[in-house]
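Structure record follows, encoded as structure tokens.
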Amino acid sequence: MSNYENKIGIKSWAEEDRPREKLAGQGRRALTDAELIAILIGSGSRNETAVELSKRILHHYDNDLNKLGKASITELSNFKGIGEAKAISIIAALEIGRRRNDFETKPPEVITGSKDAYNLMRRLLVDLNHEEFWILLMGRSQKVLAKELVSKGGLSETVVDPKIIFGMALHRQATGVIMIHNHPSGSLKPSQNDLNLTKRLTDAGKLLGINVFDHIIISDEGFYSFADNGLF
């Protein structure tokens, strides 16, 4: 008989070792990440408990919940014992956790610096596997008028049309723009394309009387501000 066949079901564990009972008796902070995920998926398979399955999934993502949070339904469904419904439960729970964190640091309506812009846009960009380019349209007194998606791209690049950006700004009667895009690779170093685009858009903004206040790169590692680093 194989080791898998010798595994015992989660209902046969000592009560203090079962995730649901452990949470009820000892509180949520007593549970490991794997035990919390096991509660989400509810059951394992004939060959492994929900906790063992959760440990296997976490190991695949280097025990990093941020990496797990990027997984798609299809990717999670590739794990034996995880169907579409369980995959959706995991993704939904991680998204709730992310939104709770965002709510606790409520984004400002007024941008006073690069950190404010980062906090406002972080949730939209950190877990993407492709590049997206957004703009914040600014009114008087640095008040945010709107945030707009300009374009979506591939893993390492997205195409940006200045006419679209300044068309949006003129439509909203914005006095300024903050450009923001993500780097799915995790790198916060501006590429040569990033530098060239920033100069083109800054020059175009001057002709139209619209200030380009900053260009911010966001990744899982944090953010990089062109303005903070003297690139304006």
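The values are calculated or read from the model by the stated rules, or taken from the named source; none is laboratory data. Keep in mind the model is a prediction, meaning the values are calculated, not measured. Neighbour counts are summed over all protein chains in view; Cβ atoms, including those assigned to glycine, are modelled from backbone coordinates with ideal geometry. Surface accessibility is based on the protein's heavy atoms, side chains included, excluding ligands, DNA and RNA. Shrake-Rupley method; radii C 1.70, N 1.55, O 1.52, S 1.80 Å.
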Check your understanding: In the neighborhood of Met168, defined by Cβ-to-Cβ distances under 13 Å, what is the net charge if each Lys or Arg adds +1 and each Asp or Glu adds -1?
Key -> +1
Review point. To the nearest 10 degrees, how steeply does helix 192-208 sit against the main Cα axis of the chain, on a 0 to 90 scale?
Key: 40 degrees
Revision key, fill the gap. Given pairs Lys55/Lys189; Lys86/Lys189; Lys147/Lys206; Lys67/Lys199; Lys67/Lys115; Lys80/Lys115 and cut-off 30 Å on Cα-Cα distance, the over-length ones are Lys55/Lys189; Lys86/Lys189; Lys67/Lys199; Lys80/Lys115
**Study point:** Principal-axis tilt of helix 84-104 within the chain, Cα atoms, nearest 10 degrees
**Key:** 50 degrees
Review point. Hey, rough spin-label estimate for Lys143 and Asn229, points 7 angstrom out along Cα→Cβ, what's it come to in nanometres?
Key: 3.3 nm
Point to revise | Average accessible surface area per residue within the chain, 1.4 Å rolling probe, Å² | key: 58 Å²
Study note, to complete from the structure: Rounded to the nearest 5, the percent of DSSP beta bridges in the chain running antiparallel is 70 percent
Practice item. Let me have the 222 nm mean residue ellipticity of the chain computed from DSSP H runs of 4+ only, each contributing -39500 (n - 2.57), with the sum over all residues rounded to the nearest 500. Key: -12500 deg cm²/dmol
Revision key, fill the gap. Calculating P(r) over Cα pairs in 10 Å bins from 0, in percent from this structure picks out, from [x] 7, 29, 33, 19, 8, 3, 1, 0; [y] 7, 27, 26, 17, 14, 8, 2, 0; [z] 8, 34, 39, 18, 2, 0, entry [y]
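Find me the longest stretch of the chain that has none of the exposed GluC sites (Glu not before Pro), where exposed means in a DSSP loop (not H, G, I, E or B) with at most 15 other Cβ atoms within 10 Å.
It works out to 1-108.
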Revision key, fill the gap. Per DSSP, the loop-located trypsin sites (Lys or Arg not before Pro) within the range 11-91 having at most 16 other beta carbons within 10 Å are Arg46, Lys80
Check your understanding: So which trypsin sites (Lys or Arg not before Pro) in the range 148-228 are both in a DSSP loop and have at most 11 other Cβ atoms within 10 Å of their Cβ?
Key -> none
Practice item. Could you check how much of the accessible area of the range 123-219 is carbon and sulfur, as a whole percent, using a 1.4 Å probe? Key: 53 percent
Review point. Expressed as an acute angle from 0 to 90° and rounded to the nearest 10, what is the orientation of the C-alpha long axis of helix 50-60 relative to the principal long axis of the chain?
Key: 40 degrees
